[in-house]
1. State yes or no: is Asp197 within 18 Å of the chain's Cα centre (by Cα), among the charged types (D, E, K, R) and part of a helix (DSSP H, G or I)?
2. Here is a check on your reading of the model: is Gly93 within 16 Å of ligand 2 (Cβ to nearest atom) and at positive phi?
3. Of (1) part of a helix (DSSP H, G or I); (2) within 15 Å of ligand 1 (Cβ to nearest atom), Ala149 satisfies all except one. Which?
4. I need a count of the residues in region 174-206 that are under 16 Å from Glu408 (Cα atoms) and buried (at least 23 other Cβ atoms within 10 Å of the Cβ).
5. Out of curiosity, is Val254 within 20 Å of Leu174 (Cα to Cα) and in a strand (DSSP E or B)?
6. For region 283-296, check the following and say yes or no: at least one residue is in contact with a His (Cβ under 8 Å, 6 or more places away or on another chain), under 16 Å from Lys171 (Cα atoms) and crowded, with 18+ Cβ neighbours inside 10 Å.
7. I'd like the full set of residues that are at pLDDT 95 or above and of a type in the set (D, E, K, R), limited to region 331-346.
8. Looking at (1) part of a loop (DSSP other than H, G, I, E, B); (2) within 24 Å of Ile463 (Cα to Cα); (3) touching a strand residue (DSSP E or B) at 6+ places or on another chain (Cβ under 6 Å); (4) of a type in the set (D, E, K, R), which is the only condition Arg349 fails?
Amino acid sequence: MMLSSSHSPETTSFSKDLRQFLYGRECPLEEIPFSEQLIRDHVSAGWINLTDGIQTSGDGFFSSITGRKKYLCVRCGNANFAAFASITCGRCGRNCVYCRHCLNMGVIRSCTKLATWIGPAPDRAVPTPEEKLCAWSGNLSPEQTKAAAELDSALSEGDSFLIWAVTGAGKTELLFPAVEHALLRGERVVLSTPRTDVVRELYPRIKAAFPEIPVSALYGGSSERQPEAPLVIATTHQLIRFHRYFDRVIIDEVDAFPYHFDPMLAYAVKKAAKKGASIAYLSATPPADLKNAFLSGKLRGVKISRRYHGFPLPVPRFMWTGNWPQSLRKGVLPKSFIEWVRGKNAADRPLFCFVPSVRLAHLVTELLQKEGFASVAGVHAQDPNRHEKVTAFREGRIRILVTTTILERGVTVPGAEAAVFGADDPVFDERALVQISGRVGRSADRPDGDIVFFHNGKTLEMIRARRHIEQMNREGGF
Ligand SMILES: [Zn+2]
Ligand SMILES: [Zn+2]
């Protein structure tokens, strides 16, 4: 452990540097860059709390028979027995259990102590109320204006709030008044989203909107970290580093994988938020529990059925391809699909082509290239060049982007049209299909566009997705 502080602890005071480092975080003891003695003194004085990184239960009768214990990783909330492993620990010399779930953020093992600051909170620099923090000068649509005002009053009254908004409603901009007022009250705000791509897209926009405020962007491999930034944009994963830090939590794409399927990320949100912090949930396709809470009046919220530019959502068309898995096995793309791509490509529209799997992302890309299309690229979650390819697509250097559902949301390209190849595959549920359809017609100067589900037999999910979009258009007054 490095000794980087010369503060000598007294019983009545504490090291401000140590507090500054630790406040709002949950940090393994060995990662705190202060002397162990200083930390121990703070623990005995009651300024720092230490918790076991892995909690063990099951020393009772059942486990004495089965030999099985239950573990909980206190940092990430993992309680799945299969996601733990044990090693002979080089540090404590015993047999230590470690958490595999959050391993990519540094190891948490049985002998890990997690430190949190429980002493007095540091003073915050509160801007003067007259200060104008938001530099965004665009105009909100009437729907956005109404939603922005309702969100602002809910958050300032300490209530949670659901924004149920169609894709392209302009959710980000309508957050600005509520964020500005929270910052003026001296509160810490995090805007969290499950996907790295979305953090990367939001960061420059948020920084431009709040030029005077330090903003941190946190995602795996990010370097945009500002100590004590009152405004943080983070993947939901990165929230596990925080502890009771944020006064306001805004969760974008609350229904998105992995948040929706991973209860550990809900754990992270809860841990990062202060007790009683209000939470704003944003979604075009809210999960059932939030939807029901909103519809029954238990959760405040607003529904936005119109896009910011005032045009309706493009409604998906269904196009039959015949037995596409069989065609692919023969190394051929179905005719209806290839003709559609040819037509769009000739009209010079950027094309998203969604496919059900990584394998098909490779295969369909290859077959399109064989058909003579230049500037085609395939992309998937583990693709090391994913960000470069998305940028090239945005900039028009790639014209056809074949992708798995990883790009079903967040990435917006003006004038883009979309195909779902193999739309009858179970990976494309209603939510995914609604999100994918939402890629089309996003910009005010190209508010229309084609979205086609290529299939070998309509599924219920395809029909539901189309109904969902038609319903939103009706509610939007079209
Ligand atoms: Zn150990
Ligand atoms: Zn863990």
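1. It is true that Asp197 is within 18 Å of the chain's Cα centre (by Cα), among the charged types (D, E, K, R) and part of a helix (DSSP H, G or I).
2. Here the answer is no, as Gly93 does not meet what is asked.
3. Of everything listed in (1) part of a helix (DSSP H, G or I); (2) within 15 Å of ligand 1 (Cβ to nearest atom), Ala149 misses just condition (2).
4. The number of residues fulfilling the criteria is 4.
5. No; evaluated as a whole, the condition is false for this residue.
6. Yes: one or more hits.
7. Lys335, Glu339, Arg342
8. Unmet for Arg349, out of (1) part of a loop (DSSP other than H, G, I, E, B); (2) within 24 Å of Ile463 (Cα to Cα); (3) touching a strand residue (DSSP E or B) at 6+ places or on another chain (Cβ under 6 Å); (4) of a type in the set (D, E, K, R): (2).
The values are calculated or read from the model by the stated rules, or taken from the named source; none is laboratory data. Keep in mind that what you see is a predicted model, and the values were worked out from it rather than measured. Positions of Cβ are backbone-derived with ideal geometry, glycine not excepted, and every protein chain shown enters the neighbour counts.
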